[in-house]
Amino acid sequence: MDINDSIALVTGANRGLGRAFAQRLLERGARKVYATARRPETVDLPGVDVLPLDITSPASVRAVAAAAPDVTLLVNNAGIQTGTDLVTGSLDAVRHEVETNVLGHLEMIRAFAPALARNGGGAIVNVLSAMSWFGTRGAGAYHLTKAAAWAMTNGVRLELADQGTLVTAVHLGLADTDMSAGWPVDKIAPSDLADAALDGVEAGSAEVLADQWSRDVKSRLTLTPEEFNAAMDRALAALTAA
């Protein structure tokens, strides 16, 4: 699809990657951009149509779908990271990440799929992570949700193919946002990530590997678990030592 003249809705558009997506959509000629956030008053980007949205609330998702029936591009960006381990961490925190990062995105897809079909098929962008494929101590819940979201994205793509909806998975290492502020390493600029994803949509790509880190991680998936874990340990050590 062509980003120019599209009608897009971006979740979590008040900051970070979501704000960058909304801004680049406007700059690339989108006819309308719905910018959604749990606290809509925090959206400060001129030119967008602001809507309140909590993706963990079915009622809120239904309301935003009713308010934006003309959408042709859905960008599922909103997400959280609680820093929770799977075995010893809070199970409530794990559930909260699953409800947000997996079920929240699926709720949005289910709500907007009929509108996308009516509007010619359109496209869905799911912002995932290189952590779809690996975990670290202190981020087990995040790894779980991104792996599940990757599987969900692949399943949804198959189910929506007949209605002509493109479903694009976007993977990245670290973007220069508040979530990664504590990591003193090279990070992709949010605007560059948004452009890579939107370029992928225009090219009809099912998957976008937005940076070298995500490309390197995926290239190791043919290794045995032992080899993969050893390679990731070396890569993470080199990353943090840089």
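How about segment 205-228: which of its residues are assigned to a loop (DSSP other than H, G, I, E, B) and over 14 Å from VAL170 (Cβ atoms)? It would help to see each step written out before you state the result.
Keep residues of segment 205-228 that are assigned to a loop (DSSP other than H, G, I, E, B), which gives 205-206, 210-211, 220-224.
Within segment 205-228, ARG220, LEU221, THR222, LEU223, THR224 qualify.
So which residues in segment 118-137 are within 23 Å of THR165 (Cβ to Cβ) and part of a loop (DSSP other than H, G, I, E, B)? Working first, answer last.
Initial filter on segment 118-137 (within 23 Å of THR165 (Cβ to Cβ)): 118-129, 132.
Answer for segment 118-137, where residues must be within 23 Å of THR165 (Cβ to Cβ) and part of a loop (DSSP other than H, G, I, E, B): ASN119, GLY120, GLY121, GLY122, LEU128, SER129.
Which of the residues spanning segment 221-231 are surrounded by 16 or more Cβ atoms within 10 Å (Cβ to Cβ) and under 25 Å from the mean Cα position of the chain (by Cα)? Let's see the steps before the verdict.
Of segment 221-231, the ones surrounded by 16 or more Cβ atoms within 10 Å (Cβ to Cβ) are 228, 231.
PHE228 - this is the single residue of segment 221-231 that is surrounded by 16 or more Cβ atoms within 10 Å (Cβ to Cβ) and under 25 Å from the mean Cα position of the chain (by Cα).
Any residue in segment 177-189 that is open to solvent by less than 10 Å² (accessible area, probe 1.4 Å) and in contact (Cβ under 8 Å) with a residue 24 or more places away in the chain? It would help to see each step written out before you state the result.
Restricting attention to segment 177-189, the residues satisfying the condition of being open to solvent by less than 10 Å² (accessible area, probe 1.4 Å) are 180.
Restricting the remaining residues to those that are in contact (Cβ under 8 Å) with a residue 24 or more places away in the chain gives none.
Scanning segment 177-189 turns up no residue that is open to solvent by less than 10 Å² (accessible area, probe 1.4 Å) and in contact (Cβ under 8 Å) with a residue 24 or more places away in the chain.
Could you give every pair whose Cβ atoms fall below 6 Å, whose first residue belongs to segment 1-12 and is under 10 Å from ASP70 (Cβ atoms), and whose second residue is among the charged types (D, E, K, R), counting only separations of at least 6 or pairs across chains?
As it stands, the answer is ILE7/ARG31; ILE7/LYS32; ILE7/ASP70, since those pairs meet every condition given.
ALA231 passes all but one of (1) modelled with pLDDT under 90; (2) touching a Leu at 6+ places or on another chain (Cβ under 8 Å); (3) not hydroxyl-bearing (Ser, Thr, Tyr); which number fails?
(1)
For segment 1-117, list the strands (runs of 3 or more DSSP E) that sit wholly inside it and hold at least 1 residues that are β-branched (Val, Ile, Thr) and either open to solvent by less than 20 Å² (accessible area, probe 1.4 Å) or out of contact with any strand residue (DSSP E or B) (no Cβ under 9 Å at 6 or more places or on another chain) (or both); which are they?
Details: elements: 7-10, 32-37, 49-52, 73-76.
Correct list: 7-10, 32-37, 73-76.
The values are calculated or read from the model by the stated rules, or taken from the named source; none is laboratory data. Nothing here was measured: the structure is a model prediction, and the numbers come from that model. All Cβ positions, even for glycine, are placed from backbone atoms using ideal geometry, and neighbour counts span all protein chains on display. Accessible surface is based on the protein model in full, side chains and every heavy atom, while ligands, DNA and RNA are left aside. Shrake-Rupley method; radii C 1.70, N 1.55, O 1.52, S 1.80 Å.
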